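What follows is a short report on a single structure.
Each reported figure results from applying straightforward, stated rules to the coordinates on display, with no laboratory input. These numbers were taken from a predicted model, which means no experiment stands behind them. We place every Cβ from the backbone using ideal geometry, glycine too, and count neighbours over all the protein chains shown.
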Amino acid sequence: MKNFIIASVLGMSAVTAHAAESGAYVFGNLGYNTEKVKSQEGITDNKAAGGSWEVGAGYRFGSYFATELSYIDLGKMQYAAGDEDEKANFSVPMRAERLALVGILPVSDDVEIFGKVSLNNVHTTLKGEAGGESGSESKSKVMPGIGIGASYAITKNVALRGEYEYIKSAMNSVAGESVASGTNLFKVGVSYKF
């Protein structure tokens, strides 16, 4: 009976400790997006989307699960097509609103690893310029994403984050064919728990 009482008290303590970790947080990330138009005949000056940034908020449910809402600027791909006589320059800025479900695995008191699945409402604008004339086409599409990462708690409220995410390319839905490699994001950031 004594062992049962001790086990019950320890079990309740664990549940209480997990419940104490629930709460809201905000975060910000800086990153790099490697997405670019696939090399094809006639395409030159092909540049990856480059720098990206993200701000968001989340809510953690105990030790193992969280949800996040965020806005991310995915950078701008650039490329040229045609020959020197008839060259067209293109740029493709991208941004998205995001909803993510996060599974968390505590490794120690300060270190956690996490996996993430997301839905991303990606806004893509294809801008072109040739012979002094320009035009653009915009499209929005919800694309799936998946990622992994880790965080390190500096204090009780502040943590450093690092993660990798892949988001299916929205550029392909604008172009109507597989022309882009997909969004590969490498991010570092910080979070603050209230």
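Across all Cα atoms of the stretch 114-156, the radius of gyration (one decimal) and Dmax (whole number) stand at 18.6, 58 Å. Dipole orientation for the stretch 22-193: of the candidates SER118, SER91, LEU105, LEU105 has the Cα lying most toward the positive pole (charges on Cβ; Lys, Arg +1; Asp, Glu -1). Taking amide H as placed 1.01 Å from N in the peptide plane, SER181 has its amide H under 5 Å from the amide H of LYS36, LYS38, each at least 5 places away in sequence or on another chain. Only residues of the stretch 43-72 count here: report those whose backbone N is under 14 Å from the spot 7 Å along Cα→Cβ of VAL188, or say none. Inside the label zone: 52. Normalised by 2.2 N^0.38 Å, where N is the number of residues, the alpha-carbon radius of gyration of the stretch 22-193 equals 1.18. Under 10 °C and 1.306 mPa s, how fast does the stretch 89-170 diffuse according to Stokes-Einstein, given a Kirkwood radius computed over C-alpha pairs? Answer in µm²/s, whole number. Estimated diffusion coefficient is 105 µm²/s.
Residue exposure proxy: ILE154, ILE72, ordered by other Cβ atoms within 10 angstrom of their Cβ from fewest to most, comes out as ILE154, ILE72.
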